[in-house]
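Heads up: the structure comes next, in structure tokens.
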Amino acid sequence: MSQPSYLPTTTTTTTTTTTTKSDAAKARAHDCFVFLLFITVATILIVSVPVVTRGIISLQPQIPQFNVSSSSLTVLNVSSNTITANLNVTFSMKNPNSKTLSFDKITALVLDGDESLSSITLPPFQQPGKTQKTLLTVFPSFFFQVNDNYFSGGRVNLTIKLHAIARYGRWTWPANKDLMKATCEENVKVEFPSKVTTLVFGSSECDVNGQWKRIVTKCSRLFWNYIYVVAIVLFILFVSL
């Protein structure tokens, strides 16, 4: 007896079904691969920015703390509203880091507003970690003017600045040194009543700025802004599920 004529058709149908299942499996595998690749890339992008920014921040030393612990102004001569005087300033400096900070090219300035009245250069020095140092500066025989007559109680606002190149005792990146500027905005109203030749002022805090501080500020801002954006995106994705 001969075989039925429809058997070849059954074989063809079976082959087609097998091919379709194989294609579907390949498609699912491709979709899984693309999904895993997307998750991997997304995870790297989400994690890399915070890790890099926190790494850069950790490479920067903490900014040293400056303040004026005491200062005194000695009037040497008075001519109309122009005064000649000496200014003694004692800076208190604290290194909060574990490693040594080195300072050179140190310049101290005293200003009346934006006008520089006097500047001096100080010798370089090193400050070990976790220590406090006192730095005495003397501005000799500089001239300045008051807005009223000396004997009628004229006054002037003095600002003291300290500029120095700082280096840290370990590797820092991206800046291996920093031009630090400590500005002591005392805004001390120096009044000049008659028969007073020496004026003593109290302590005041100084604002310290430099490249290390700017790097930390920018990286911190980028870090928290990025975390904020990622949190919003994840929340939107969670709600849309």
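Here are the numbers for the structure shown:
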{"item": "Out of Val34, Val68, Val41, Val52, sole residue that is of a type outside the set (D, E, K, R), modelled with pLDDT of 85 or more and out of contact with any strand residue (DSSP E or B) (no Cβ under 9 Å at 6 or more places or on another chain)", "result": "Val52"}
{"item": "Inter-residue pairs, beta-carbon under 7 Å, first assigned to a helix (DSSP H, G or I) and in the range 22-49, second not hydroxyl-bearing (Ser, Thr, Tyr), 6+ apart", "result": "Ile46/Val230"}
{"item": "Positions within the range 152-187 being more than 19 Å from Thr90 (Cβ to Cβ), surrounded by 12 or more Cβ atoms within 10 Å (Cβ to Cβ) and modelled with pLDDT under 90, in sequence order", "result": "Gly153, Gly154, Arg155, Val156, Asn157"}
{"item": "Condition check for Asn95: modelled with pLDDT of 95 or more and closer than 30 Å to Leu158 by Cα", "result": "yes"}
{"item": "Residues being closer than 30 Å to Gln145 by Cα and either free of Cβ contacts under 8 Å to residues at least 60 places away in the same chain or hydroxyl-bearing (Ser, Thr, Tyr) (or both) - total across the range 80-105", "result": "8"}
{"item": "Per-region count, the range 59-116, residues within 21 Å of Trp171 (Cβ to Cβ) and either among the aliphatic types (A, V, I, L, M) or not in a strand (DSSP E or B) (or both)", "result": "12"}
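The values are calculated or read from the model by the stated rules, or taken from the named source; none is laboratory data. Predicted model, so just to flag it, every value in this text is computed and none were measured. Positions of Cβ are backbone-derived with ideal geometry, glycine not excepted, and every protein chain shown enters the neighbour counts.
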